[in-house]
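Please treat every number below as a calculation from the coordinates, not as lab data. Keep in mind that what you see is a predicted model, and the values were worked out from it rather than measured. Cβ coordinates were reconstructed from backbone atoms using ideal geometry, including for glycine residues, and neighbour counts include every protein chain displayed.
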Amino acid sequence: MATPIPPPPAAAAAAAADTKVDYLNLPCPIPFEELHREAMMSLKPDLFEGMRFDFTKMLNQKFSLNHSVLMGPTEVPSQSTETIKIPTAHYEFGSTFIDHPRLLLWGRILTDGRLNARVKCDLSENLTFKANAQLTNEPHMSHAMINFDYKGKDYRTQFQLGNGALLGASYIQSVTQHLSLGGEVFWAGQHRKSGIGYAARYNTDKSVATGQVASTGMVLLSYVQKVSEKVSLASEFMCNYLSRDVTASFGYDYILRQCRLRGKIDSNGCVAAFLEERLNMGLNFILSAELDHRKKDYKFGFGLTVGE
Amino acid sequence: MADSVISIQYLKDFVNSQIYDDEKWAFNAKLLRAAGLFAGSILLMRNYGDLMAI
């Protein structure tokens with residue numbers, strides 16, 4: 001008389017282990033400021049209007065120089081609803097020093113005297129120092145900000161200090177393999193205002209969903225779906241209750257062998273596309289277009305990038 | 001009964017104020033349009049995203 005054999009306990013245990021969360025072995029989350037990283041990559045390309053030429057020269061393994069020329073109309077802020085533009089031209093000189101992975105120095109200066117500078121330095125294995133500054137000739141228009149980022153086993157924390165008595169801190173923690181939650185506080189001493197914010201991020205191999213709210217009235221939701229190795233689709237919802245501004249965007253990102261094509265449409269009637277084509281090693285051709293049908297503001301740009 | 005009547009009346013008044021106030025309706029229309037685009041695009045990419053793959 002044959003009796004049914006019970007299933008092997010090892011298989012059952014293995015199946016149970018697959019679904020159980022190992023809370024002592026969670027991954028390290030994305031930094032708080034990069035929570036919406038995938039959506040930003042797809043939905044916010046570097047759109048421009050006019051002609052752009054970038055030239056990068058590597059002097060050695062770590063040091064490079066950069067020359068940029070941008071010629072085209074620039075929008076002048078005006079009181080009327082009509083868009084007013086004047087033709088302008090900018091030349092920007094830059095230098096970059098990268099001692100990978102510990103040190104990054106980055107500087108850019110424009111012909112009108114504006115200077116941008118960035119520093120990123122690993123003070124220890126888990127502690128990173130960042131600083132950035134924008135200096136201008138106009139009085140009281142210069143800004144500087146420093147950051148201390150600490151990376152823990154399954155959490156990240158950050159402290160910020162800026163001019164104008166600006167203080168900020170954030171913390172983000174992985175709670176499961178796919179979900180991380182975070183919070184931030186900020187204080188603007190010059191304006192005597194403080195705020196608090198919360199954020200959540202859920203990511204799998206194929207999709208990323210994020211949400212963020214702050215007491216300043218800001219709500220930001222985003223969703224990115226990776227439909228194949230080459231194609232990503234992204235959607236974003238942004239609402240600022242105090243300024244009564246609300247926008248939603250839907251975009252795509254095609255990464256092909258020789259080119260990358262990104263585009264989006266948003267609820268304000270704005271349609272944009274951005275194409276980067278690699279003509280040769282170190283030579284890239286760029287096309288940019290942004291059509292704001294409501295404001296009748298149409299921008300087209302083309303550019304070349306030499307060296308990378 | 002009285003409570004439910006009051007609640008229904010409050011809800012009616014709230015909805016009317018949101019719709020018939022021009023300033024509020026301008027913001028609400030923008031909000032509905034943006035939320036609709038956001039939700040619609042998520043549904044689109046989850047159900048038909050594969051058609052856009054190459």
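What do you get for the angle between helix A:9-19 and the principal long axis of chain A? Use alpha-carbon atoms, 0 to 90 degrees, nearest ten.
Between helix and principal axis, roughly 30 degrees.
Within the set of other residues whose C-beta is less than 14 Å from the C-beta of residue A:105, count the net charge using Lys and Arg as +1 and Asp and Glu as -1. Mind dumping the intermediate values first?
Values: positive: A:62, A:102, A:108, A:118, A:120, A:130; negative: A:99, A:122.
Result for the neighbourhood of residue A:105: +4.
How many partner chain Cβ atoms sit within 10 Å of a residue's Cβ in peptide A:220-231, on average, as a whole number? Mind dumping the intermediate values first?
Details: counts 0, 3, 1, 6, 1, 8, 3, 9, 5, 2, 2, 5.
Taking the mean over all residues of the peptide, I get 4.
Can you tell me the equivalent ellipsoid semi-axes for the stretch A:32-307? Use √(5λ) from the Cα gyration tensor, largest first, whole Å.
Working: eigenvalues 173, 131, 113 Å².
Over the Cα atoms of the stretch A:32-307, the semi-axes work out to 29, 26, 24 Å.
Can you work out the Karplus-derived ³J(HN,Hα) for every residue in the stretch A:115-120? Use 6.51 cos²θ - 1.76 cosθ + 1.60 with θ = phi - 60°, whole Hz, and x for glycine or proline.
With coefficients 6.51, -1.76 and 1.60, one gets 10, 10, 9, 9, 9, 9 Hz.
I need A:80, A:174, A:235 ordered by Cβ neighbour count within 10 Å, fewest first. Intermediate values should be presented prior to the final figure.
Values: A:80 6, A:174 22, A:235 27.
By the 10 Å Cβ count, ascending, the order reads A:80, A:174, A:235.
Taking a ≥ b ≥ c as the square roots of the Cα gyration tensor eigenvalues, with a/c under 1.5 meaning rounded and otherwise prolate when a/b beats b/c, else oblate, which class fits the stretch A:125-164?
Numbers: a/c = 5.86, a/b = 3.39, b/c = 1.73.
Cα axes put the stretch A:125-164 in the prolate bin.
Counting every Cα pair in the stretch A:114-236, what percent are over 21 Å apart? Kindly include the intermediate steps, with their values, before the conclusion.
Values: 4203 of 7503 pairs.
The calculated P(r) of the stretch A:114-236 puts 56 percent of pairs beyond 21 Å.
Measuring from the lowest to the highest alpha carbon on each principal axis, how far does the stretch A:56-180 reach, largest first, in angstroms?
Extents along the principal axes: 52, 44, 32 Å.
Cα gyration tensor of the stretch A:225-308, axes a ≥ b ≥ c as square roots of the eigenvalues: rounded (a/c below 1.5), prolate (a/b > b/c) or oblate?
Working: a/c = 2.78, a/b = 1.60, b/c = 1.74.
Oblate shape, in that a/c is at least 1.5 and b/c is the bigger or equal ratio.
Given the rule -39500 (n - 2.57) for each run of at least 4 DSSP H residues, summed and divided by the residues of chain A, what is its mean residue ellipticity at 222 nm, to the nearest 500 deg cm²/dmol? Show your work: numbers first, answer last.
On the way: 2 runs with 18 residues, N = 308.
It comes out at -1500 deg cm²/dmol, rounded to the nearest 500.
Per residue of A:238-244, what is the mean number of Cβ atoms on other protein chains within 10 angstrom of that residue's Cβ? Each step should come with its number before you reach the end.
Details: counts 2, 6, 0, 2, 0, 0, 6.
Per residue, the average neighbour count from other chains is 2.
Efficiency by 1/(1 + (r/R0)^6): what FRET value for residue A:177 and residue A:84, r their Cβ-Cβ distance, R0 = 51 Å, to the nearest 0.05? Provide the component values of the computation, followed by the final result.
On the way: r = 52 Å, r/R0 = 1.03.
For R0 = 51 Å, the calculated efficiency reads 0.45.
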